[in-house]
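Bear in mind that the values in this text are calculations on the coordinates, not laboratory data. This is a predicted model, so every value here is computed, not measured. Positions of Cβ are backbone-derived with ideal geometry, glycine not excepted, and every protein chain shown enters the neighbour counts.
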Amino acid sequence: MPIQHLLIVYFISTLLVLLPAPGLAKLFARAGEQPWKAYVPFYNTWVMQSLAKRPKHWVFWQAIPVVGWFITPGIFIEFVKLFGKFSLGSHTLASLFAPFYFPYLAYKENPAWIGPDKVKAHKKKGWREWVDAAIFAVVAATLIRTFVFEAYTIPSSSMEKTLLVKDFLFVSKMSYGPRIPNTPLSFPFVHNYMPVGSRKSYLEWIKIPYIRWFASPVKRNDAVVFNFPEGDTVINLPGYQSAQPYYNMIRNLDGTTSDVQRQQILGNPSIPIAVHPVDKTDNYIKRCVGIAGDTLKIINGILYVNNEKAFISPTAVTFYTFNSTRPLYEDDLKDAGISLNMKEENTLANDFQNINPTTYRVNISLGELEKLKKINGVIANSISPEIDSSMAGGIFPYDTNYYKWTIDNFGPVWVPKKGASISLTPENIPLYRRCIEKYENNSFEVRNGKVFINGKESATYTFKMDYYWMMGDNRHKSQDSRYWGFVPEDRIVGKAWMIWMSWDGGPRWKRLFRIVK
């Protein structure tokens, strides 16, 4: 954690215990303590614990970054009990609005001191026991979810056969360092929309800039969960969101994302638009095939990183076509040990298809390719990987003047690195403009062939963040960096760690507690 981040954390911790001091001073006097002690940060909470005869080690827990913020309200609650305040409302005010509640309590209500013995004699009602336990559970789970790990469900087939639809994962937040929420005022355990309806699950009254503690860079070939970079603006209708991105819609109007095209969408009342902060855009999971500073290219479906063939996961799949001397059926492949996904909404995306009476198409891994060759009737020398050449102009960076790329013949493209500088040219502006303008929050204009960044003419640009290139293991059924470009470091959520449950009409027992590789 950078020292400036740590200083901010402890500055907030100090404010939490110092701001209520004017009210605490008078309450200390009523309890027989000297008022000046209320103005000494953390010593004042030591005094509160002493008066309440509660464990003093709570005071030291306040030194734990962020966790300490939740310990302090607990100390305040124990303190107000000493003045006969046992109601849920009093405890809520003491924990959430202490700078206002303690002065009000001291100078307006002026309650009598009852001492720790009467506090111990007080019996909570049954419903309060349940409410207090629930609040504790929510706070504890929120801390774990934010800083340690989070549960995640695989929604699509883009990572098959590494990860299957309805695999339930634990995602490690510690692998790359926990990211402080940009929008801390959020409904617990909900991502960006409420479970019922289309209302947002968070408030933007408080916005925190990008901060990551104990930061560690993403490693090449990690399976990574991240916030969808183009998910900051979505069409808030079923079937759209990140599945049919807003930016794709406005690009389809004339191939650009100009303000004129944006207004055609924004001005249409039948198309509701939702704008999300970074931490509330939809979560994606892909494999990081390129880290900051890498140069990537795809030639006939084969990925190269820094001019070397890239790692291929044993469970990664791609489409092959082949011929057979006899009719083949789904069961023939399954009997040979080849697993197939035949449940796609678009049947043309199913893993096994009959193109004509003798030609077939199948989506399999390298290990399954060897099994396919041994199936009776399959002509082994007819098997060839499918090369998709139909996407020119529909993929990143959406500029066919300079980039006539396809998903299987793509690049080369350099992945931006923090501190690295580039010369800005008409050719590379389509590649890096969104990074400069949207992800790094600069104004960007091109006037008379010259680039102006934040109003100043600029021939070069130095990147402020590291970026990553993400691709699905199911290469022909993955919406990934080939379609929307780079993933900035502030979008990184965590590393896919373990499958704790998998379901397909029943548990997939063999997948339970499997470490993701």
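Between A140 and M342, the contour length at 0.36 nm per residue exceeds the Cα-Cα span by 68.6 nm.
Full extension of the segment from L253 to N354, taken as 0.36 nm per residue of separation minus the current Cα-Cα distance, would add 32.9 nm.
Summarising the label geometry, the points placed 7 Å from Cα in the beta-carbon direction at S384 and L19 lie 6.9 nm from one another. Evaluating 6.51 cos²θ - 1.76 cosθ + 1.60 at θ = phi - 60° for every residue in the stretch 510-516, the Karplus couplings come out as 5, 9, 5, 6, 8, 6, 7 Hz, glycine and proline recorded as x. Whole-Hz Karplus values for the stretch 405-415 come out as 9, 10, 5, 10, 9, 9, x, x, 9, 8, 8 Hz, taken residue by residue from phi with 6.51 cos²θ - 1.76 cosθ + 1.60 and θ = phi - 60°; glycine and proline positions read x. Whole-Hz Karplus values for the stretch 438-446 come out as 8, 6, 10, 6, 10, 7, 9, 9, 10 Hz, taken residue by residue from phi with 6.51 cos²θ - 1.76 cosθ + 1.60 and θ = phi - 60°; glycine and proline positions read x. Packing, as the average of other Cβ atoms within 10 Å across residues, places the peptides 264-270, 415-421 in the order 415-421, 264-270, highest first.
Here K309 is the anchor, and the lysines within straight C-alpha reach of less than 27 Å, apart from those fewer than 8 places off in the same chain, are K161, K219, K286, K297, K371, K373, K404, K417, K418, K477, K495, K517. From most to least packed by mean Cβ count within 10 Å, the peptides 162-168, 93-99, 336-342 give 162-168, 93-99, 336-342.
The calculated P(r) of the stretch 297-443, using every Cα pair and 10 Å bins from 0, goes 10, 30, 27, 18, 11, 4, 0 in percent.
By the helix-only formula, in which each DSSP H run with n ≥ 4 contributes -39500 (n - 2.57) and the sum is divided by residues, the chain has a 222 nm mean residue ellipticity of -8000 deg cm²/dmol.
Only one residue of L27, A137, N428 has its Cα farthest out toward the positive end of the dipole of the chain, where Lys and Arg carry +1 and Asp and Glu -1 on Cβ, and that residue is L27. For the pair L6 and S216, a Förster radius of 22 Å applied to the C-beta separation gives a FRET efficiency near 0.85, rounded to the nearest 0.05. Using alpha carbons only, the radius of gyration of the stretch 358-517 set against its Kirkwood radius gives Rg/Rh = 1.10. Here the alpha carbons of the stretch 55-174 define both size measures, Rg and Dmax, at 20.4, 67 Å.
Can you compute the FRET efficiency between K517 and L88 using 1/(1 + (r/R0)^6), with r the Cβ-Cβ distance and R0 = 56 Å? Round to the nearest 0.05.
0.70
Here, the stretch 11-50 yields an orientationally averaged convex hull projection of 2.4 nm² when only Cα atoms define the hull.
Highest average first, the peptides 468-474, 440-446, 116-122 ordered by how many other beta carbon atoms sit within 10 Å of their residues are 468-474, 440-446, 116-122. Computing P(r) over Cα pairs in 20 Å bins from 0, in percent directly from the structure and comparing it against (1) 15, 26, 10, 6, 8, 17, 14, 3, 0; (2) 21, 56, 21, 1; (3) 18, 43, 27, 10, 1 singles out (3).
Between K438 and L366, the modelled label-to-label distance comes to 3.5 nm, taking each label 7 Å out from Cα in the direction of the beta carbon. Sorted into 5 angstrom bins from 0, the C-alpha pair distances of the stretch 122-214 split as 3, 11, 13, 17, 20, 16, 10, 5, 3, 1, 1, 0 percent. Per 0.36 nm of contour for each residue apart, how much would the distance between Y107 and Y483 grow if the chain were fully extended, relative to their Cα-Cα spacing? That pair, Y107 and Y483, stretches by 129.1 nm at full extension. The Cα atoms of the stretch 245-363 cover 57, 40, 28 Å along the three principal axes, with the biggest extent listed first. Both the radius of gyration and Dmax for the stretch 399-443 are 11.8, 34 Å, in that order, over alpha-carbon atoms.
Other residues lying with their Cβ under 13 Å from the Cβ of D388 contribute a combined charge of +2, Lys and Arg counting +1, Asp and Glu -1. Averaging over all projection directions, the Cα-based convex hull of the stretch 3-123 occupies 7.0 nm² in the image plane. For F149, the residues whose modelled amide H falls within less than 5 Å of its own, excluding neighbours fewer than 5 places apart on the same chain, are K173. Neighbours of V278 by Cβ distance under 13 Å: Lys/Arg scored +1, Asp/Glu scored -1, total -2.
Spherically averaged projected area of the convex hull of Cα atoms, the stretch 185-311: 11.2 nm². Local charge for P229 was computed over the other residues whose Cβ lies under 14 Å away, with Lys and Arg +1 and Asp and Glu -1, and equals -3.
Relative to a virtual label point 7 Å from the Cα of R30 in the Cα→beta-carbon direction, which members of the stretch 111-125 show backbone nitrogen distances below 15 Å? In the stretch 111-125, the label zone of R30 (backbone N under 15 Å from the point 7 Å along Cα→Cβ) covers 111-116, 119.
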